[in-house]
Amino acid sequence: MPRMAQFVLALLVGLALLTWAAASVVENTARGWFERDVSSRARLVLVGATHSLANNWYAGPPVLQKQLNDLARDERVMGVLICNADLTAHVSTPEFLEEFGCPVVGSRARVETNPAAVQEWHTVATLPTGRVHVSVMPIESQEQQMGFVVLLHDLSFIERREAQARKFLLIAFGVLAIMAFGVPMFVAKWARYGWSNELRRLMRGGGKQSLEFQPILSDMRELVGRMANDREDAPGQWTAERLKQTLNRHLHGEKIVILANREPYIHQRTADGSIEVQHPASGLVTALEPVMRACSGVWVAHGSGSADRETVDENDHVRVPPGEESYHIRRVWLSEEEQQGYYYGISNEGLWPLCHVAHARPMFRAEDWRQYRAVNQKFADVVCEEVDSKDPIILVQDYHFALAPAMIRKRLPTATVIVFWHIPWPNAGRMGICPWRQELLEGLLGSSIVGFHTQLDCNNFLDSIDRYMETRIDREHNAIVMRGHRTLIRPYPIALEWPVRWVEAAPSPEECRAQVWREFGLKPGAFLGVGVDRLDYTKGIEERLLAVEMLLERHPEFRGKFSFAQLAAPSRTKIERYQDLNELVEKVAARINERFGTPGYQPIILLRSHHEPAAVYRFFRAADVCYVSSLHDGMNLVAKEFVAARTDLKGVLVLSEFTGAARELTEALIVNPYDLEGSSEALAVALTMPLDEQADRMRSMRSLLAQFNVYRWAGKMLVDAARLRNQERVSGRLAARPATGTTL
Ligand code: F6P
């Protein structure tokens, strides 16, 4: 039985018993009072009357009759009877009840009093018609009893009054029952309404806070946090829709502002004068573009395309994706000097080699640093123009914008700024060589969360802070507190959308293979390897080609049969190191082709140009093996893209152990790209791997990618940000209150 019904039942039974007991007590008491009252009235009347009756005894019946009539005038007197001493009737009022005739009453009175003579006697008799009070008084003169008088009083009025009293009691207790149940219920409901309103308001972080709620609030927050964690960690596929719902639920649908140097869509003027839209070769764009499609908002980026200025509106906005517009890009224009100092200089000649262990010496030029700072300020200002609230959610991407978080925080103190650092973070000793290490760290600590791909990067970052900054490190929560501001440091390994839209749109793997075979004149039965990268020295492209050379050297059975297609998108070409790499890769490819090539067979197919995703996925689906040989890489999404492309569960991934991806894609053949023998052997193993083993490995990696997709990646960051926002709101208001000694 529900608890409420039990309570009501107990209350009703209790009240019924109480009513019954109270009614009995009241009735008995009242009846006693009334009867005593009637008795004394009867006595009073008879004492007075018997004296005159005795005087008139001999005056004859008419006189006595008149006297009796006078006595019976009282409405409650039912009748009066005068009896002789021998118990015969003498005179009575009309219709005197015969049940109380002289013999009956006289003999009873004698028995009850004195058997010799009738004495004063009072009793109550019960008739079917009701109760009657009977009074007997002797009529005496000079000590001689002449007879006695019987006076009957109607007591039915007592029953009527009892019935009235019972009715009143029932009504009173009924009202009491309603009050006893209704009032507490109303008060409880009202209090609960007030409490839940107050709690809801506090959990949302609004309004003034009452002291009584402070202890419960911290419990509630912990509980809600745990529940939210459970829900967000609940198994099940993360989708664009689920991400959108997460954003709505936790951040009330607030739009997202992304700050990234690279724009997701570049408008380029082509040789024939038309404008084409290019998808840049960028892991950052690959990951974040689907998030932006799902969440909408603004992507603030450098407008780097030759036709970018022609395609924006008067606010430098362009709606994208073309044909499926759901968010917009805000393009920021940079001068040659700005690009030189900020992008090429500090970002790619300073921070890039500083963060990657790829044996390139970082360059730190003071003039570049001034540009880096100025451009960070320029972008931070644009971000602040684009937001539509005091506390927006801003996702700052990568090493191009290490200073922007603090700059944004200065203008928008309550903003939630999440930095995601797409490249590795160096160890503290290595970080120490940067002349502006302190400014960089301080800039990043302006954010609410700094995210990295791996826990190792988080640890390195915390160590750098420990070594170079005056801050408090909260190791328990992986947080840094600087001048009262708290920044969480978290690993969020980046991922792909799932399913990948390019895969959905691609021809079947067989068709892709047939197209590539046709295009490059590959023989039936030939094997194809593929590498897809920006032409960057961290990608280990030279080592990769050398590993292919060693494969052909050590495994002659693959000569004439195995070709490796390297798709290499030109990148940062103004930097000497990249120009050198370009030449080096070309030379190495030419040398290998010279050494092992034959008419109709080219071991290295070097494709040095930008490839749109559709073309890249065609290669992924056509190849037997994909070799990702980065010397150091934050994640490397190419490895994940290859796995995503293989809906046929065919193909083998050979993956450098120095990528973040190697921690997740453990079913790949993991290699040290510096170890050319080991890598070439892995290529040989890949090319001879039975199909069922290929399928086993692919299946396992694909299920991981499906589960840990980019919607989950973004969802986790946004949920963490939402929790942080809530905590800041609550503690912000607490700080605004006079000190109470209570803490949350
Ligand atoms: O790997 C770091 C990174 O910024 C990626 O996020 C992105 O894929 C790549 O570099 C692009 O470089 P850029 O924008 O200089 O062409």
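The values are calculated or read from the model by the stated rules, or taken from the named source; none is laboratory data. What you see is a predicted model, and the numbers here were worked out from it, not measured in a lab. No Cβ is skipped: glycine too gets one built from the backbone with ideal geometry, and neighbour counts run over all protein chains shown. The accessibility values were calculated without ligands, DNA or RNA, using every heavy atom of the protein model including side chains. Shrake-Rupley method; radii C 1.70, N 1.55, O 1.52, S 1.80 Å.
Side notes on the structure shown:
- Remark: PHE186 falls outside the filter, which requires a residue to be closer than 30 Å to GLY32 by Cβ and either at pLDDT 75 or above or assigned to a helix (DSSP H, G or I) (or both).
- Segments classed as strands (runs of 3 or more DSSP E), wholly inside the range 598-674, with at least 1 members that are out of contact with any Pro (no Cβ under 9 Å at 6 or more places or on another chain) and closer than 27 Å to ARG572 by Cα: 604-607, 625-628, 652-656
Each row is one residue, and each column tells you yes or no for (1) within 16 Å of the ligand (Cβ to nearest atom); (2) at pLDDT 95 or above; (3) under 30 Å from the mean Cα position of the chain (by Cα).
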site: ILE258; (1), (2), (3): yes, yes, yes
site: TYR265; (1), (2), (3): yes, yes, no
site: THR311; (1), (2), (3): no, yes, no
site: VAL318; (1), (2), (3): no, yes, no
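- Considering VAL643, VAL652, VAL628, the condition of being touching a helix residue (DSSP H, G or I) at 6+ places or on another chain (Cβ under 6 Å) and within 16 Å of the ligand (Cβ to nearest atom) is satisfied by VAL628 alone.
- In the range 320-357, the residues that are hydroxyl-bearing (Ser, Thr, Tyr) and away from the ligand (no atom under 13 Å from the Cβ): SER326, TYR327, SER335
- Unique residue being within 30 Å of the chain's Cα centre (by Cα) and within 16 Å of the ligand (Cβ to nearest atom) when the list is VAL419, VAL375, VAL383: VAL419
- The residue list MET431, MET407 contains one member that is in contact with a Lys or Arg (Cβ under 8 Å, 6 or more places away or on another chain) and away from the ligand (no atom under 16 Å from the Cβ), which is MET431.
- Flag: THR93 does not match the condition of being in contact with a helix residue (DSSP H, G or I) (Cβ under 9 Å, 6 or more places away or on another chain), hydroxyl-bearing (Ser, Thr, Tyr) and closer than 30 Å to ILE178 by Cα.
- Residue match in the range 51-68 (condition: basic (Lys, Arg), in a helix (DSSP H, G or I) and touching a residue at least 60 places away in the same chain (Cβ under 8 Å)): no
- VAL63 falls short of the stated requirement of being within 28 Å of ARG166 (Cα to Cα) and either among the hydroxyl-bearing types (Ser, Thr, Tyr) or surrounded by 13 or more Cβ atoms within 10 Å (Cβ to Cβ) (or both).
- Pairs are defined by a Cβ separation below 7 Å, a sequence spacing of at least 6 or placement on different chains, a first member in the range 320-348 that is within 17 Å of LYS378 (Cα to Cα) and open to solvent by 40 Å² or more (accessible area, probe 1.4 Å), and a second member that is within 14 Å of the ligand (Cβ to nearest atom) and of a type in the set (Gly, Ala, Ser); the pairs so defined are TRP333/GLY303.
- Positions within the range 411-428 being touching a Lys or Arg at 6+ places or on another chain (Cβ under 7 Å) and hydrophobic (A, V, I, L, M, F, W, C), in sequence order: LEU412, ALA415, VAL417, ALA428
- Apart from one condition, LYS410 fits all of (1) open to solvent by 50 Å² or more (accessible area, probe 1.4 Å); (2) under 25 Å from LEU488 (Cβ atoms); (3) not in a helix (DSSP H, G or I); the exception is (3).
- Lone qualifier among ALA307, ALA301 - being over 25 Å from LEU581 (Cα atoms), crowded, with 16+ Cβ neighbours inside 10 Å, among the aliphatic types (A, V, I, L, M) and under 37 Å from the mean Cα position of the chain (by Cα): ALA301
- Those residues of the range 521-534 which are surrounded by fewer than 21 Cβ atoms within 10 Å (Cβ to Cβ) and either closer than 20 Å to PHE642 by Cα or within 16 Å of the ligand (Cβ to nearest atom) (or both), in sequence order: ALA526, PHE527, ARG534
- Selection from the range 569-592 of residues that are assigned to a helix (DSSP H, G or I) and surrounded by fewer than 19 Cβ atoms within 10 Å (Cβ to Cβ): GLU576, ARG577, GLN579, ASP580, ASN582, GLU583, LEU584, GLU586, LYS587, ALA590, ARG591
- The range 268-286, residues that are within 16 Å of the ligand (Cβ to nearest atom) and not in a loop (DSSP other than H, G, I, E, B): GLN268, GLN278, GLY283, LEU284, VAL285, THR286
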